[in-house]
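Chemist: A single structure is presented below for examination.
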Amino acid sequence: MNRMPKSYDKYTDIHIHVIPGVDDGSGDPDMSMEMLRYAYAEGIGRMIVTPHNKPMHHNAGREKIEQLIQLLETRMRQEGIAIELYPGNELYYREELAERIEQGRALTMAGSKYVLIEFMPSDGWEYIRDGVNNMLMAGYRPILAHIERYQEVCRDIERAVRLHEMGCYIQVNTASLMGRYGMGIKGYIKKLLKQQLVDFVATDAHNAANRAPDMDKCAEYIARKYGGDYLRKLLVENPERVIRDEYI
Ligand SMILES: [Fe+2]
């Protein structure tokens, strides 16, 4: 299950909705190919693909996701696009989530112990903290998807510190750091980066238009403001640890 990475020099996007026809991301294989072409031009060489997995939804299972990965890999080979794809999910947190994973009805990141989890933007601080803790207690390594979206977490930087200390990894979206959702959100992420509280920067792309896999400008910005070493950690080394199922 755990494929070993072949390339080391390109960015890895650990959060992207490029699998066609399974969620609100790519609608069909042609659109996925547009996203992959775009991502390749942005310097992305590996992706953990993360279709939504939510309650009350028809969620694509492992087999379906693997099948669609193969389809995209075949088309990429024909076009000379060299992006390695690894299966994953963006897991909407609910109490029975760990059980769902055990049952094989929800996927971890590239078959590792890492799980990408999301909450409702309006969920309370205690609910999010306890949800993260439940995943830790179940033996998983939670990565909190787009931390900048949770109003109650962003209210106080100490809350991000607390989550990090608990053993939760923190992911932010490239578009948020580049200011698409306002200066407040951008400023919050800058504070996190300054304190090295961010573990992953990812595109969370849903298409090749208004939510495209933009990466390069953001990477350049991070390298300039926070240094090349930190950039390498965020976009190369930490994702590689996830794929290899090693501790960060
Ligand atoms: Fe997402």
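The values are calculated or read from the model by the stated rules, or taken from the named source; none is laboratory data. The shown structure was predicted, so the numbers you read here are calculated from the model rather than taken from an experiment. Virtual Cβ from ideal backbone geometry, glycine too; neighbours counted across all protein chains shown.
Chemist: Residue check, P51 against (1) touching a strand residue (DSSP E or B) at 6+ places or on another chain (Cβ under 6 Å); (2) without any contact (Cβ under 8 Å) to a residue 60 or more places away in the chain; (3) within 16 Å of the ligand (Cβ to nearest atom); (4) closer than 24 Å to A209 by Cβ, all met but one. Which one?
Modeler: (1)
Chemist: Condition first: more than 16 Å from the ligand (Cβ to nearest atom), closer than 23 Å to T203 by Cβ and in contact with a Ser or Thr (Cβ under 8 Å, 6 or more places away or on another chain). Now tell me which residues in the range 84-123 satisfy that.
Modeler: The one that is more than 16 Å from the ligand (Cβ to nearest atom), closer than 23 Å to T203 by Cβ and in contact with a Ser or Thr (Cβ under 8 Å, 6 or more places away or on another chain): E84.
Chemist: Which one of these does P213 not meet: (1) within 30 Å of D28 (Cα to Cα); (2) in contact with a Cys (Cβ under 6 Å, 6 or more places away or on another chain); (3) of a type outside the set (S, T, N, Q)?
Modeler: (2)
Chemist: Please go through the range 112-126 and pick out each residue that is part of a loop (DSSP other than H, G, I, E, B) and touching a strand residue (DSSP E or B) at 6+ places or on another chain (Cβ under 7 Å). Full working, then the answer.
Modeler: Start the filter on the range 112-126 by keeping residues that are part of a loop (DSSP other than H, G, I, E, B), which leaves 112-113, 119-124.
Passing the criteria: only K113.
Chemist: Specify which of the listed residues (G131, G88, G139) is farther than 20 Å from L192 by Cα, of a type outside the set (D, E, K, R), modelled with pLDDT of 95 or more and surrounded by fewer than 17 Cβ atoms within 10 Å (Cβ to Cβ). Steps first, answer last, please.
Modeler: Values: G131 fails: surrounded by fewer than 17 Cβ atoms within 10 Å (Cβ to Cβ); G88 fails: surrounded by fewer than 17 Cβ atoms within 10 Å (Cβ to Cβ).
One residue alone meets the criteria, G139.
Chemist: Can you tell me which of (1) more than 22 Å from R129 (Cα to Cα); (2) modelled with pLDDT of 95 or more is the one D229 doesn't meet?
Modeler: Going through (1) more than 22 Å from R129 (Cα to Cα); (2) modelled with pLDDT of 95 or more one by one, D229 breaks only (2).
Chemist: Continuing with this model, one more query. Kindly indicate which of M215, M178 is touching a Lys or Arg at 6+ places or on another chain (Cβ under 7 Å), surrounded by 14 or more Cβ atoms within 10 Å (Cβ to Cβ) and over 20 Å from Y93 (Cβ atoms).
Modeler: Values: M215 fails: touching a Lys or Arg at 6+ places or on another chain (Cβ under 7 Å).
The conditions single out M178.
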